[in-house]
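Rule-based calculations on the coordinates, nothing more; no lab input. What you see is a predicted model; the values in this text were computed from it and never measured. When we count neighbours, we look across all protein chains shown, and the Cβ atoms used for this are built from the backbone with ideal geometry, even at glycine.
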Amino acid sequence: MTEVNERSQPGFDLSTPVQYVKGVGPARARTFARLGVETVGDLLEYFPRDWNFLPAPTKIGRLQPNEKVTIIGMIESTDYQSYRRHPMFEALISDQTGVCRILWFHGGFLRDQLEPGQIIMVSGKVTQYKHQLQLTNPKFLVLEAEHEKSPEHFSGGVYPACKGLSSGQIKKIIGRVREAADQLVPEFYDKPFLKQANLISRKEAFAWIHMPPDEKKLAQAKRRLKYDELFLMQLGLALRRHKVQHFSVAAECPCTDEIDSRIRRRFPFLLTEDQNECIAEISADMGRSQPMNRLLQGDVGSGKTVVALYAALLAVANKMQVAIMAPTEILAGQHFLSIERYLKNSNVERILITGGLAGQNRSEVLDKTKSGAIDIVVGTVALLQADIEFQNLGLVVIDEQHKFGVHQRAQLRKDATPHCLVMTATPIPRTLAMTAFGDLDVSIIKHSPPGRGAVVTRWVDRRHRQKAYGFIRERLKAGKQAYFVYPRITALEQAGDVEAARDGWKYLSEKVFPDFSVELLHGQMPSARKQQIASQFRRGRINVLVSTVVVEVGIDVPNATIMVVEGADRFGLAQLHQLRGRVGRSQAKSYCLLFAETESETAASRLEIMTRSNDGFEIAEHDLRLRGPGEMFSTRQHGLPDLKIANIVDDFDLLVAARRNAFELVSQDPMLVKAEHKNIRRALLAKFGDALGLADVA
C-alpha cells in the first residue's frame, strides 16, 4: 500500500529543481545546468540523441550464426594484439552453457575498461570463424550489480553527455523521473482530437521516448512530442498576433485616389506589378484601426525601399509621423539619401538620427520630433533611446528585421501602437516564415524592376587569380568600379592564409591597382569617415572599395559592376547573396568573383550554388538544408522557445498541422479560459514565460 502511495505521489513536480531528484544533489545539479537542465521538467525533456534496441538475453550455448543477440557473461580472459595489420582486442566470456569469443578491431582503448572477472552484457551479430562463434565490434556494457542483468539497462536512450555526467548516469536519473511521468505529465487534448490527429498520449510519449519498447513506438513518441513543441510555438505566435489585432488600436491611414496619385508622382518610374500588389496589401492594412504587422520580403534590389516609402508617405498624408530603423549607420544613411532623392522640393520634413548626433543639434532634432514638426525620422537602434519621443507615431518601418529582436520591435511601440512594416532582403524559406515571422502577414516582391543587368558569378581559385585581376583592371579602365570584401579587418594568426581587409587594401593599392584610387572602409572607423568614403565611392571618386561586410547592405552604386569576395568559403550563403546584391544595379552586366580555396564539402556546396543560381529563395532553401534551422534564426531573438526535438525542415507537414490547429484554437478561445484548455495554458506559460506578454492569459 505504501509503495502504491509513493508511486502516485512522487514528491516532486515539473518545476522542482533537479538537485532534489535522487542521485543528483547540488554538485551534479550544477553539471546538469551546463546541459540546460535545471528542473524535473527539463530532465524529462532532455531527449536521447540515439536509441538501442536489444533482443532478450540468449544463453551462449544457444547462439546461431547471423543472429542479432544479447548475451551476458563473465570475462574469462582478455588479449590485445597490437602487432597485427588491424590491431585487435579479444575477450572470452562465458556463462553456464558455453564460451564466446568477442573481438573489437582497433580496440586498444578497451585495455583500461575490460578485465577478467567482470560481468558484461554484449549485443551484436553472431558470426562464425574457423568453426567458432564470435561477435565482432559489438556494443557492450559492464554490469555493476546482479539486478542490472537486463537488456533494459542497455536498451533505450543514449544521451548527450558531458564531463562529470555520462550517458548511463543521465539515463539512471531520468529513469527515476520517468517512472513518475504518469503523475507529472498532464494531457493537452481530448480523446477525439488525439484519435483524429493520430497522436498517442503525452504520458506514453514521455515513457517511450526514453525507453521505447520498439522502433514503431519510438516513432509514435517522437511524433507526439514534436507536435506538442510545434503546437505550443504556433499557439504563442497566434496569441501574440491576436493581442495586436484585438487589444491594440492604431491610427487609420486611409488611401484616397488623390493621396495615391500624389505619392506616385514622387517616383520617376512606373512601379512593378509585385510592388503594386504589396502596396495594395499595405494600404488595406493601414486603412484599418487594427495595427498592421506585416513582413515585406524581396530579393536584393527588388524595390522594397520604394514600397516602404509609399507606406511612409501614406502615413504622413494622414498627419502621422514615421520612424524608419536600419541596423547600421551606412544603411540608415542610404535610406535617407533615397528619401531625399524622391522627396526633393516636397513639404515632408525628414531627418537622419544616428549615434553621432549630439549636443545642441540633437536637442533641436528631439524637440522637433516630440512636437510633431518632423514627419519622417530615419535612424539606427539609436531611435530606441529613451529620450526620443514622437507626438503621433503612425508607422514604424524596420529594415533587415532579422538583425533586430522582437523585443526591440516592441520597444518602438512602447507609447503607442503604430502600424509596423518589417523588411528583409534575406529571402525567408516558408518554414522560417511560419516560425520566426509567424505572427506577421507576409508580402513578397518576387521580381526585380526592369533595367537591372545580369550578374555573372564565378568561383576563382588561386590558379586564376592573376587572370581575374587583369579582367578587373580592364573594367576599371572602362570607368566601372569594384568592391573587394574580406572576412575580417585585421589578420589573425590562426586564420590561415585568408587575408584581412587592411592587408588586402595595402596589397591591392600598391601591387595590383596602383594606377587607381583604392580606399579602405570598415566598421571600426569613425562615423564621419565612413560616411565620407561611402559618399566618395558613390560619386565615382574611388575606383576600388576594400571593405568588410559593412557593405553587405546599404551602399547603392549603380556604376559598381564587380564584387570580389575574398575568402568566400568563410561566408554564409545569405551573406554571399547579400554581397552579390551590391552589383547588378544598372543595365550594365556585372560580375561577382568568389575567391576561395577550400576542401570543405559544405563550403564548396555554398560556392557552387552561388555560381548556379541568382534566385534568393532557392539559395535560402539550400542554406536552410545545409545549416539547419537552429543556425538560420535565433529563437531567443524572436521570443520563441527553443525546439528540443522538432525540426521545422524535416517536420514541415507536422508544423503545418500544428499551426492550423493552434490558430483555430485561438479563434475559438482567444484567452484560453475554457476548462478543457487549462493544461495547454499552463504549458504555454511554462514554455514562453512573459516573453510574448502572455502573463495576462491567466
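With R₀ fixed at 41 Å, the C-beta to C-beta distance from H86 to K163 puts the FRET efficiency at about 0.85.
Looking at the stretch 208-289, the chymotrypsin sites (Phe, Trp or Tyr not before Pro) that sit in a DSSP loop and have at most 16 other Cβ atoms within 10 Å of their own Cβ are F269. One way to sum up the overall shape of the chain is the equivalent ellipsoid from its Cα gyration tensor, whose semi-axes run 57, 36, 21 Å, largest first.
Stretched out straight at 0.36 nm per residue, the stretch from M74 to R176 would grow longer than its current Cα-Cα span by 33.9 nm.
If the chain linking E510 and K477 were pulled fully straight, counting 0.36 nm for each residue of separation and taking away their Cα-Cα distance, it would gain 10.2 nm. Per residue, the convex hull spanned by the Cα atoms of the stretch 54-154 amounts to 96 cubic angstrom. Mean sequence separation of contacting Cα pairs (under 8 Å, at least six apart), scaled by the length of the stretch 54-154, corresponds to a relative contact order of 29 percent. Counted residue by residue at 0.36 nm each, then reduced by the alpha carbon distance between them, the extension gain from E664 to R627 reaches 10.1 nm. If R₀ is 56 angstrom, what is the calculated FRET efficiency for the pair D50 and R362, using the beta carbon separation as r and rounding to 0.05? Taking R0 as 56 Å, the efficiency between D50 and R362 is 0.45. Inter-part distance, the stretch 277-336 to the stretch 504-538, computed on C-alpha centroids, equals 32 Å. In summary, the convex hull built on the alpha carbon positions of the stretch 497-567 has an orientation-averaged projected area of 4.9 nm².
Of the trypsin sites (Lys or Arg not before Pro) in the stretch 554-614, the ones in a loop by DSSP (not H, G, I, E or B) with at most 16 other beta carbons within 10 Å are K589.
Highest mean packing comes first when the peptides 212-218, 309-315 are listed by Cβ atoms within 10 Å, giving 309-315, 212-218. By the equivalent-ellipsoid construction on the alpha carbon gyration tensor, the stretch 255-355 comes out with semi-axes of 20, 16, 15 Å, ordered largest to smallest. Against the longest principal axis of the chain, how steep is helix 167-178, in degrees 0 to 90 to the nearest 10, with axes from Cα atoms? Here the helix axis deviates by roughly 90 degrees.
Projecting label points 7 angstrom from Cα along Cα→Cβ for F109 and R30 puts them 2.8 nm apart. Which log10 I(q)/I(0) values does the stretch 443-540 give at q = 0.13, 0.17, 0.19, 0.25 Å⁻¹ under the Debye formula, counting every alpha carbon as one identical point scatterer? Normalising to I(0) and taking log10 leaves -0.64, -1.02, -1.17, -1.43.
Here the scattering of the stretch 97-228 is modelled by Debye summation over its C-alpha atoms, one equal scatterer each and no solvent; at q = 0.18, 0.21 Å⁻¹ the log10 of I(q)/I(0) is -1.09, -1.30.
Taking other C-beta atoms within 10 angstrom as a stand-in for reagent exposure, S371, S201 fall in the order S371, S201, fewest first. Cα-Cα pairs above 18 Å in the stretch 462-596: how many percent? Within the stretch 462-596, distances greater than 18 Å cover 50 percent of Cα pairs. State log₁₀ I(q)/I(0) for the stretch 96-137 at q = 0.15 Å⁻¹ as given by the Debye formula over alpha-carbon point scatterers of equal weight, solvent excluded. With no solvent term, the Cα-only Debye profile gives -0.43.
Relative to its residue count, the stretch 1-107 spans a Cα convex hull of 228 Å³ per residue.
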